[in-house]
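The values are calculated or read from the model by the stated rules, or taken from the named source; none is laboratory data. Model, not experiment: these values are computed from the prediction. FYI the Cβ positions are ideal-geometry reconstructions off the backbone, even for glycines, and counts take in every protein chain you see.
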Amino acid sequence: MNKRIIGVSLLLSAFLFANNSSTQNSDKELLKQIEKAGMKSIPKEQSEINKLIDPNNIITDEKVTLGKQLYFEPRLSKSGIISCNTCHNLGLGGADGVAAAVGHKWTANPHHLNSPTVYNAVFFDSQFWDGRSHNLEDQAQGPMQAEPEMASPKELVLERINSIPEYVAAFKNAYDENVSIDFETITATIGLFERTLVTPSKYDDYVNGDTKALSNAEKEGLKVFIDKGCATCHNGIALGGKMMPFPVVKPYKFANLGDFKGDKNGMVKVPTLRNITETAPYFHNGAIWSLADSIKEMGSTQLGQTLSDKDTDKIITFLKTLKGRKPAIVYPQLPESTATTPKPDFQ
């Protein structure tokens, strides 16, 4: 090999080494920014995920199987045609794709509230837009009884489930022979299934150590997301799910759509950004369908900034990395009604 070729090879090796070293330093700096911003990842190992979603070690395969049946069970509604999956459709990013949830008698939510995704809801500090519930088991009780949603009194739910021998047997198998199949046990079982709806993504792979999981453009978008202050509210594992003031700097452009004003302190649950590209329309009242417009509205309302098209596009590039790997969901077969099962009621 002549000296010229050797020289070129050495220069190329030096360039590649320097470039690789620069990339490693850039990743280290970005990972430090992520940590400082309070953004976290879904753990890499399933055993670590289990510790987060099931700290009391009460989830079993039998409970999850039963909870999934109940999640898809329309007979839990007064009309017999609305299930949890109606508004939190697992094939549509865990939401329903309409501005305001539609419930009993095909009536839109009277407060014009949008259905939040159920995916990764186990990582939320608060449930419901006003944060009135703090876990999925408790949250499941609300929509089932609410007149604008499933409209089922507790007594009707109990009568329907207890009238179906296969459900009675399934509860005894999931718990024990002496289980009380009451309203709280039914809704808690749904909540246990919902705890398993976790969707790790490329973002998590990156934070968990795979620095090649994100492209340079995606990393740049993540950096802009942090630098602009988006992580002030969208942090933690859920990248949302906490109660925060809304609005902060400027009025929300569509505040008059519906009558929701937050909790008694004007706090609103921050929606998760995970799978955000699948869950339009956005905001508590579903007023904005464009992700770009949503980002700009948040920049104005919460950060007091006018975000450029360029920065908005970069943030969107990052947000696309939050589309996660969904657990495989096979639509369950539901047991037959019996002669004593209360009939559908559309009144």
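Brief remarks on what is shown
- As a summary of the residue check, I161 satisfies the conditions (1) buried (at least 19 other Cβ atoms within 10 Å of the Cβ); (2) over 24 Å from T196 (Cα atoms) except for the one numbered (2).
- Meets criteria (charged (D, E, K, R), more than 30 Å from P43 (Cα to Cα), out of contact with any Asp or Glu (no Cβ under 7 Å at 6 or more places or on another chain) and not in a loop (DSSP other than H, G, I, E, B)) for E297: yes
- Test result for S308, over 19 Å from the mean Cα position of the chain (by Cα), farther than 19 Å from Y119 by Cα and of a type in the set (S, T, Y): yes
So that you can scan it fast, the table gives a plain yes or no per residue for (1) of a type in the set (A, V, I, L, M, F, W, C); (2) under 21 Å from H134 (Cα atoms); (3) in contact with a strand residue (DSSP E or B) (Cβ under 9 Å, 6 or more places away or on another chain); (4) in the same structural domain as P116 (by TED's automatic domain parsing):
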| residue | (1), (2), (3), (4) |
| --- | --- |
| V207 | yes, no, yes, no |
| G236 | no, yes, yes, no |
| G241 | no, yes, yes, no |
| P245 | no, yes, yes, no |
| K250 | no, no, no, no |
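- Cβ separations smaller than 6 Å between residues 6+ apart or across chains give the following pairs from segment 213-235 residues that are part of a helix (DSSP H, G or I) to residues that are acidic (D, E): V224/D311.
- Identification of helices (runs of 4 or more DSSP H) wholly contained in segment 62-165 with 1 or more residues that are acidic (D, E) and in contact with a helix residue (DSSP H, G or I) (Cβ under 9 Å, 6 or more places away or on another chain) yields 136-139, 154-162.
- In segment 303-318, the count of residues that are in contact with a strand residue (DSSP E or B) (Cβ under 6 Å, 6 or more places away or on another chain), of a type outside the set (A, V, I, L, M, F, W, C) and within 28 Å of P200 (Cα to Cα) is zero.
- When residues of segment 292-347 are limited to those that are under 30 Å from K78 (Cα atoms), of a type in the set (S, T, N, Q) and at pLDDT 95 or above, the one surrounded by the fewest Cβ atoms within 10 Å (Cβ to Cβ): Q333
- Within segment 12-60, the set of residues being modelled with pLDDT under 95, under 20 Å from K223 (Cα atoms) and not hydroxyl-bearing (S, T, Y) comprises N19, N20, Q24, N25.
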